[in-house]
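Below is one structure, written out as structure tokens, with a few remarks after it.
Please treat every number below as a calculation from the coordinates, not as lab data. Everything numeric here is computed off the predicted structure, so don't read it as measured data. No Cβ is skipped: glycine too gets one built from the backbone with ideal geometry, and neighbour counts run over all protein chains shown.
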Amino acid sequence: MAQRTIVSHSGRRGSIALEQARILEHHAWPGDQFILRMHAPITAQRALPGTFVHLQCAGATALRRPLSIMRTDAAGWIELLYKPVGAGLAALTRKRAGESLSLLGPIGNGFDFRAGTQRVLALGGGVGIPPMVFAARHLRARSDIALTVYMGSEIPFPFELTPATLAVPGIDSDGRSAVALLQSWGVASVLASRSGLAGAFDGYVTELAERTLSRLSPQEKSATLLLACGPEPMLAAAARLARDHGVACQIALEEYMACGVGGCAGCTVEVHTAAGSAMQRVCVDGPVFEAAAIYPAA
């Protein structure tokens with residue numbers, strides 16, 4: 001039986017489990033991308049969109065790698081999407097079904113789908129896509145929230161695509177592709193790329209979200225939440241977009257981490273609060289922050 005030690009933490013973060021996660025599936029996708037499915041029942045039960053795991057990829061002395069959770073299932077598995085940047089993740093690509101890896105999770109504060117939210121626009125760029133798939137998984141049964149997922153990539157999307165059939169305000173459906181999994185959940189998705197990918201718009205996800213926001217009334221905007229995860233320029237653009245349209249915005253940050261549980265303080269970022277600036281840890285104080293706290297108005 002897998003070792004399941006619980007590491008306790010105070011506050012709303014709850015607890016972090018140490019599990020021996022068994023690899024169930026490990027598939028390579030074009031563009032040097034990998035989707036890893038692991039049996040990690042404690043993490044699967046407790047994870048929320050925006051949280052992540054700290055995974056030991058190879059060797060007893062190698063530093064763990066933080067990876068966002070893309071999906072969970074009641075059967076006790078989690079899915080991760082990653083690109084092998086660095087020796088640790090390169091070693092992870094060689095792992096096969098049946099092998100086990102030490103995993104800490106779920107870690108961090110996830111997205112806050114606060115009362116009164118009626119529309120969510122979820123923006124994911126590159127390896128920032130997984131939290132948006134998880135948000136769709138989490139919200140798919142919420143009839144009170146309209147959700148659209150905007151995905152941006154310069155390499156092929158690591159998902160099965162299908163012709164889009166769900167309407168998105170301000171965006172033409174002709175020739176548009178959608179993520180088959182999301183569409184099967186009843187969640188609209190829009191793809192964007194500057195690399196000429198078939199079925200994707202030539203542009204950035206923030207430009208597409210702008211089209212949708214521009215068609216909303218002030219009352220609709222007051223009930224809209226923008227989520228974003230991806231490269232830093234994309235997060236800054238999402239924060240500006242939210243500020244220009246007066247909508248709430250939460251962003252999930254990605255930082256290099258050593259311990260991943262708040263002890264080393266190696267992933268601190270400056271956060272702007274009403275009381276002034278403060279340094280907070282991305283791993284346990286985040287990774288989700290209010291966009292205005294990271295990118296305040298000039």
Query raised in the report: Taking K and R as +1 and D and E as -1, what net charge do the other residues with C-beta under 12 Å from the C-beta of VAL85 add up to?
Result: 0
Query raised in the report: How large are Rg and Dmax for the stretch 4-107 when only the alpha carbon atoms are used, in Å?
Result: 12.9, 41
Requested in this report: Sort CYS259, CYS267, CYS283 so the one with the fewest other Cβ atoms within 10 Å of its own Cβ comes first.
Outcome: CYS259, CYS267, CYS283
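Nearest 500 deg cm²/dmol is fine: what mean residue ellipticity at 222 nm does the chain get from its DSSP H runs of n ≥ 4 alone, each adding -39,500 (n - 2.57), divided by its residue count? Intermediate results must be reported in sequence, preceding the final value.
Details: 8 runs with 59 residues, N = 298.
One gets -5000 deg cm²/dmol as the mean residue ellipticity at 222 nm.
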Report summary line: Sorting PHE52, ALA237, ALA209 by the position of each Cα along the dipole of the chain (Lys, Arg +1; Asp, Glu -1; all at Cβ), the one nearest the positive end of that ordering is PHE52
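Evaluate E = 1/(1 + (r/R0)^6) for TYR256 and ARG114, where r is the Cβ-Cβ distance and R0 equals 30 Å; express this FRET efficiency to the nearest 0.05. Don't jump to the answer; show the numbers that get you there.
Working: r = 30 Å, r/R0 = 1.00.
So the FRET efficiency works out to roughly 0.50.
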**Report entry** Net charge dipole size for the chain [Lys, Arg +1 and Asp, Glu -1 on Cβ; Debye, nearest 20]
**Finding:** 680 debye
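Stretch GLU232-ALA278 to full length: gain in nm at 0.36 nm per residue minus the Cα-Cα span?
Length gained, GLU232 through ALA278: 14.6 nm.
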Query raised in the report: What distance in nm separates the simple spin-label points at ALA75 and GLN20, each placed 7 Å from Cα in the Cβ direction?
Result: 2.2 nm
Query raised in the report: Using 0.36 nm per residue, how much length does the chain from LEU166 to GLU270 gain when fully extended, once their Cα-Cα distance is taken away?
Result: 33.5 nm
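How large is the charge dipole for the stretch 4-107, taken about the Cα centre, if only the Cβ atoms of Lys, Arg (+1) and Asp, Glu (-1) carry charge, to the nearest 20 debye? Don't skip to the end; give the middle numbers.
Numbers: 13 positive and 6 negative charges, 39 e Å.
In total the dipole reaches around 180 debye.
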Requested in this report: Report, by chain and number, residues whose modeled amide H sits under 5 Å from the one on LEU161, excluding near sequence neighbours (fewer than 5 apart, same chain).
Outcome: ALA180
**Report entry** Overall form of the chain per C-alpha gyration tensor (a/c, 1.5; a/b vs b/c)
**Finding:** oblate
Query raised in the report: Given 37 °C and 0.692 mPa s, how large is the Stokes-Einstein diffusion coefficient of the stretch 254-298 in µm²/s, with Rh as the Kirkwood radius over Cα pairs?
Result: 302 µm²/s
